[in-house]
Every structure is written in structure tokens, then in C-alpha cells.
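For reference, the structure is listed below as C-alpha cells.
Just so you know, all these numbers are worked out from the coordinates, no wet-lab data involved. Computed from a prediction, not measured in an experiment: that's the story for all the values here. Neighbour counts run over all protein chains shown; Cβ positions are idealised from the backbone, glycine included.
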Amino acid sequence: MPEKLNGCVLKPMDQCTVRIIWLYNIGKTEIVVTGGDTKKSISTDHALNVGTGYEYREELDAEQVLEYICSTDECNSLGQIKRLINSLTVTSHLDEIENMIKPQQPFQGAWCVRVSNTTTIECDPTIPTELCRQCSLAVQNDEKTTQVCATCSTESVDNSLSYTVMFNMNDRTRSNIWQVLCQADKCNSLSNADLIHEKSAMDFDFNKFFNNGQNRFSLSIMINMVMIFIIFLNKFLY
């Protein structure tokens, strides 16, 4: 982590954000802190989204992305960023299964698995085979439900596999998402989602993150009380 963030100024805004991208192939890390005005007069958004994965652009690129959204004073400061990272644990062995997104040519739409238990309009398992250009899989799991969408896309983008966790900082819950975009036989099968699950893990220590800030706040109060007591004692004695 850098010792300081360059070019940063304080501005009154409803919402603050932090975005960190680790570009492993080139050994580079990008940190962007910003803010925005939401439609609500007071924003209550407090969330942490972390994703790790691979994209195939003639060669494999490994990336990890962290996005933090908050709405209290200086909540996207460098100190807060360090607390976030120190509270986060990411384990990834996705490089062991990267072959699942290497394309096979010529692509055949019949390769794509079709399974869905969701009614969202974004998931259409009935796309005609001849229109398929890429297979896709998304599995989202939280404490209550598991939603699955395995289908194909009529457009082709970079093949990729990823694991993302959305941490709700307000109620301390999480939602897991496993995704695959690929062009090989049965590459979007549910077994591949299981492989991504097995090869990656994330955890966030909410107690460590929040108690860290509370302890520093308590320490600040104690220091102020001691200073007031010293001033009072000096006046009383002299």
C-alpha cells in the first residue's frame, strides 16, 4: 500500500467509493477514490464487493477488484482502505482451472448447457442454438436462495471465469456469485461452477473491521478525557 494517496481533496458528497484493481499480469495496482451525489438526501449504502478471476484475450489475464461504498465522513480514506484490506482474506487457485475458458474453434451453440431456476429477464435459456455465440453461467447464492442461469449469449465478449462476493456491511451478510463466459463443449456446466467454488474462497472479518474503528474512537475519547483532567488538575493545584 502507498504511504499516501496523491491528488485527493475533501468534497461534501452523499456517497464515497473506493475501487482497487490488482493487475497481476503486469504487476500493477490501481486505486481510485471518488464520491457522488445520490438521489436520496442521505445515502445509507454501505457495501463491499470483491471479485477475482481470469479473462482470455489471446492470453490469460488475472485480475482482482475491490469496490467499497460508504456514506460517512472520510470513509474512503487511506486508513479506511488499509482496514478493509487487513480484514479481508482472499484465497484463489483459479489458475488451476483456467483451461475452461480457452476457446475451441469453430464454436458450436449446441455446446452450451441450458439450465435455469430464475425468472429474471436477463436469463433466457430458450435462445435458438444457431444464434449462440458464447456459453454463459451465473450462480448466485446467499443465506436464503441459490439462483442458477446457464444459457448462451447472442454476442461474444472476452471469455472469463470469476468469483465475486458482495458483503453487506449494514447487516453483515454476504452473497456469492460464480460466473463463466466460455466457448467450449459444456464449459458452462454446473460442475464448472463447483470447480470455481472449490478453487477460490473469500472471507471478511466484520468484527476486526468495525472494532478497529471503535477502538480508535474510544482511544481518542480517552486521550481527550486525560487532557481535560490534566488541565483541571493544574488549575486546582496552582
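Here is the list for segment 114-202: trypsin sites (Lys or Arg not before Pro) lying in DSSP coil, each with at most 16 other C-beta atoms within 10 angstrom of its C-beta, are Arg114, Arg133, Lys144, Arg172, Lys186.
Scalar couplings 3J(HN,Hα) for segment 104-113, obtained by applying the Karplus form with A = 6.51, B = -1.76, C = 1.60 to θ = phi - 60°, are 10, 10, x, 5, 10, x, 5, 5, 7, 6 Hz; x denotes Gly and Pro. When His46, His197, His93 are sorted by how many other C-beta atoms sit within 10 angstrom of their C-beta, beginning with the fewest, the order is His93, His197, His46. For segment 15-204, the fraction of alpha-carbon pairs lying more than 30 Å apart is 27 percent, rounded to a whole number.
Semi-axes of the equivalent ellipsoid of segment 66-119 are 40, 18, 11 Å, computed as sqrt(5λ) over the eigenvalues of the C-alpha gyration tensor in descending order. With coordinates expressed along the principal axes, the C-alpha atoms belonging to segment 30-129 extend over 53, 33, 22 Å, beginning with the largest. Calculated over segment 90-176, the projected area of the Cα convex hull averaged across directions stands at 7.3 nm². Among the GluC sites (Glu not before Pro) in segment 108-146, those located in a DSSP loop and surrounded by at most 13 other Cβ atoms within 10 Å of their own Cβ are Glu122, Glu143. Fewest-first ordering of Glu98, Glu74 by other beta carbons within 10 Å of each residue's beta carbon gives Glu74, Glu98.
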